[in-house]
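The values are calculated or read from the model by the stated rules, or taken from the named source; none is laboratory data. Note that the structure is predicted; figures quoted are calculated from it, not measured. We place every Cβ from the backbone using ideal geometry, glycine too, and count neighbours over all the protein chains shown. These accessible areas exclude ligands, DNA and RNA; they are computed on the full protein's heavy atoms, side chains included. Shrake-Rupley method; radii C 1.70, N 1.55, O 1.52, S 1.80 Å.
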Amino acid sequence: MKKILINNNPWQTRIAITQDGQLQNIYFSAHATQNLERIFIKGLISKVLPGIQTAFVEIGQERAGFLHISEIDRELAIDKISKHIEMGEGETQRSSSRQPLDISKILKEGDPILVQVSKEPVYEKGAKLTTCFTLPGRFAVLMPNIPRIGVSKKIEDREERNRLKDIVKSHLPEGMGAIIRTTSEGRTAKDIGKDLDYLIATWNDIQKKYETAQVKEKLHEDLDLTLQVVRDNLDDDVEFVIADTKDDQNSIYKFVKNIAPEYIYKIKLYDGATPIFEHYGIEKQIEAVLDKKVSLKSGGSLIIESTEAMTVIDVNTGKFIGKSNMEDTIFKTNMEAAEEVARQLRLRNIGGLIVIDFIDMSMASNRQKLFRSFEKILKEQDKFQSVVLKVSEFGLVQMTRKRSGKTLVQQLTDDCPTCKGSGFIKSLQTECYSIMRKLKEFLLTETPKEVLLTVNSDMFTYITSTEYNAVLYLEKTFNCKIAVQDDKKFVLSQYKFEKKP
């Protein structure tokens, strides 16, 4: 059974979702910072770049957000083009729908625009923006300017899918669409209609605010993180939702009473002496997620390495040798690894391009079984869309997973100030040789009679023991005296030359 655990402190809220005691998802919300994802803003177009079909939009943040042509609603595009091209209205729409869109004919610098943040800023990139708006509810996600209805793939019964589509169609105004969520399965028309009515009213309110708002002004944001997680995850599989403050318990209770009263008995208060995350073993599991090595029950392991371009996951057999042949051993390790990879992608919130190096298997049938199993796990357990390519002969699987906000590592860590995030520093020997070259250049240009070299303590030991003869050579060659001293405050690469009178 699943559990939703909520830990609230004055500085931060943390929410964990576990399955049979194992951490499946973890969410953080720092009270001093703002989460941008899903926020609606009245932006200001600052730059339009036709060459890359992208516009930069000021949204009141340090970096401008970027809006690509693919994220511009087609009806909005056609409407904008018709204002800039002198032709009949019907001809404009026919021509625009046939030809590729040109962003410079849709957006003009200095114009205001309603945008929604679809992805948080990552690395040096600003927030990703869209005009294909979405408003999530409990049973459906409203798409106010996309007249299309989709149904969750997890609802497999054809009659139920058609019934839900009919209900949603009857409640939606012309020009609007929706994605029907898994939670709507078996629900009455009244329940779904109530949810849609609320979302439609919210959209109308956003449009009304836009008319009078200042540029860069925030118009709407989603529920706070705790209620978002409850809304998106509370179902029959959840044993309970437990919070460690009375205020949170009351807030969640009122919210659930309004949207899903049949689940109010699952809302609990934790009043134990041990902190809630320690009691349920969450703290240790969070620490483990920051490690690039993940151990498998069989004795194998995963090595997870992320860069700005992609994430690479390597599968190793480790101690597992199996009870039959090597192919059987490798297949079982790969199958276990596939399930753990899916969990780690969710837990670490890894998106974008992902390459998984499974252990090579000689049998094509085993590669096919692995691919089908991995694809099924992702479909059933991961709410974010992914595309998986078949296992290659080398055991490689290439896949993409939709990005959503920052990865867990980005949320919890900063780059190392010494290595600047590269994960390595120059060796003691390499740094020493660099300093010796600089010293030689200094002796050539300054021609001192005596020089004092100050270095890091470890560097001092290395120079005076290993490279002592090199110092003597420089003294003899340049006819000067070289004294070396250490400074404990210096980092390894730091040095200072002082010319003595």
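Of the candidates LYS402, LYS420, LYS383, the single residue that is touching a residue at least 24 places away in the same chain (Cβ under 8 Å), over 19 Å from VAL312 (Cβ atoms) and charged (D, E, K, R) is LYS383. Any residue that is closer than 11 Å to ALA342 by Cα, part of a helix (DSSP H, G or I), at pLDDT 85 or above and among the charged types (D, E, K, R) - is there at least one of those in segment 366-375? Within segment 366-375 (the criterion being closer than 11 Å to ALA342 by Cα, part of a helix (DSSP H, G or I), at pLDDT 85 or above and among the charged types (D, E, K, R)), the answer is yes, since at least one residue qualifies.
When ALA64 is tested against (1) over 26 Å from ASP382 (Cβ atoms); (2) open to solvent by 50 Å² or more (accessible area, probe 1.4 Å), exactly one condition is not met: (2).
Of the residues making up segment 263-280, just one is in a helix (DSSP H, G or I), exposed (fewer than 15 other Cβ atoms within 10 Å of the Cβ) and among the hydroxyl-bearing types (Ser, Thr, Tyr), namely TYR265. For LEU107, the requirement of being surrounded by fewer than 19 Cβ atoms within 10 Å (Cβ to Cβ) and modelled with pLDDT of 60 or more is not met. Taken together, VAL229, VAL241 contain a single residue that is open to solvent by less than 40 Å² (accessible area, probe 1.4 Å) and either small (Gly, Ala, Ser) or part of a strand (DSSP E or B) (or both), which is VAL241. Scanning segment 344-365 for residues that are assigned to a helix (DSSP H, G or I) and open to solvent by 30 Å² or more (accessible area, probe 1.4 Å), we see that the one that is modelled with the lowest pLDDT is ALA364. Annotation note: of GLY126, GLY175, the sole residue that is open to solvent by less than 20 Å² (accessible area, probe 1.4 Å) and part of a loop (DSSP other than H, G, I, E, B) is GLY126. Give just the number: which of (1) part of a strand (DSSP E or B); (2) of a type outside the set (Lys, Arg); (3) without any contact (Cβ under 8 Å) to a residue 12 or more places away in the chain does THR33 not satisfy? Of (1) part of a strand (DSSP E or B); (2) of a type outside the set (Lys, Arg); (3) without any contact (Cβ under 8 Å) to a residue 12 or more places away in the chain, only one is false for THR33: (1). Taking the criterion of being in a loop (DSSP other than H, G, I, E, B), over 22 Å from the mean Cα position of the chain (by Cα) and surrounded by fewer than 16 Cβ atoms within 10 Å (Cβ to Cβ), the residues of segment 211-226 that qualify are GLN214, LYS216. Here ASP195 fulfils each of the conditions (1) surrounded by fewer than 17 Cβ atoms within 10 Å (Cβ to Cβ); (2) among the acidic types (Asp, Glu); (3) within 27 Å of ILE180 (Cβ to Cβ) apart from (1). Restricting segment 467-484 to residues that are open to solvent by 80 Å² or more (accessible area, probe 1.4 Å) and polar (S, T, N, Q), which is nearest to LEU428 (Cα to Cα)? Ranking the qualifying residues of segment 467-484, first place goes to ASN469. In segment 40-61, which residue that is under 24 Å from THR212 (Cα atoms) and out of contact with any Leu (no Cβ under 8 Å at 6 or more places or on another chain) is most open to solvent (accessible area, probe 1.4 Å)? Here the residue is LYS47. Looking for something surrounded by 15 or more Cβ atoms within 10 Å (Cβ to Cβ), part of a strand (DSSP E or B), in contact with a Gly (Cβ under 6 Å, 6 or more places away or on another chain) and of a type in the set (Lys, Arg) - is there at least one such residue anywhere in segment 402-410? No, segment 402-410 has no match at all.
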